[in-house]
1. Taking the stretch 31-73 as the region of interest, how many residues are under 20 Å from W3 (Cα atoms), of a type in the set (D, E, K, R) and either surrounded by 11 or more Cβ atoms within 10 Å (Cβ to Cβ) or touching a residue at least 40 places away in the same chain (Cβ under 8 Å) (or both)?
2. Considering the stretch 37-69 alone, what residues qualify as being among the small types (G, A, S) and out of contact with any Cys (no Cβ under 8 Å at 6 or more places or on another chain)?
3. Out of the residues in the stretch 6-15 that are surrounded by 12 or more Cβ atoms within 10 Å (Cβ to Cβ) and touching a residue at least 24 places away in the same chain (Cβ under 8 Å), which is nearest to E64 (Cα to Cα)?
4. Do we find that G18 is exposed (fewer than 14 other Cβ atoms within 10 Å of the Cβ), under 16 Å from the mean Cα position of the chain (by Cα) and over 18 Å from A65 (Cβ atoms) in this structure?
5. For the stretch 16-30, give me each residue that is in contact (Cβ under 8 Å) with a residue 12 or more places away in the chain and in a loop (DSSP other than H, G, I, E, B).
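Here, each number is a calculation from the coordinates, and none is a lab measurement. Predicted model only: the values in this text are computed from it and were never measured. Backbone-built Cβ (ideal geometry, glycine too); neighbour counts: all protein chains shown.
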Amino acid sequence: MNWQRCTAVEQHPDKVGGAWVFRGSRVPVAALFTNLRDGASVEEFLEWFPGVDPVSVAAVLDFEAKSLSAAAVPRTESSGASPSA
């Protein structure tokens with residue numbers, strides 16, 4: 001995934017060990033996905049990380065969804081590969 005194309009995040013070698021973070025914060029993007037995976041809601045995440053705004057969270061989730069959708073495009077049969085089930 002190319003996070004450079006998502007304007008809601010940034011990466012600096014001297015900020016949180018070079019991890020992708022929400023722009024203007026020190027909150028890693030991975031923290032959002034970890035918390036959601038563990039059962040937190042977006043609203044809870046925003047309460048726990050007040051330096052992150054709802055628009056940025058929505059932009060990250062939308063970027064991730066679009067990236068996954070693009071990666072899930074099935075191959076055509078003419079390529080000799082069959083789509084995964």
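1. Qualifying residue count, the stretch 31-73: 4.
2. Initial filter on the stretch 37-69 (among the small types (G, A, S)): 39-41, 51, 56, 58-59, 65, 67, 69.
Hits for the stretch 37-69 are G39, A40, S41, G51, S56, A58, A65, S67, S69.
3. C6
4. Taking the combined requirement at face value, the residue satisfies it.
5. Matches in the stretch 16-30: W20, R23, G24, S25, R26, V27.
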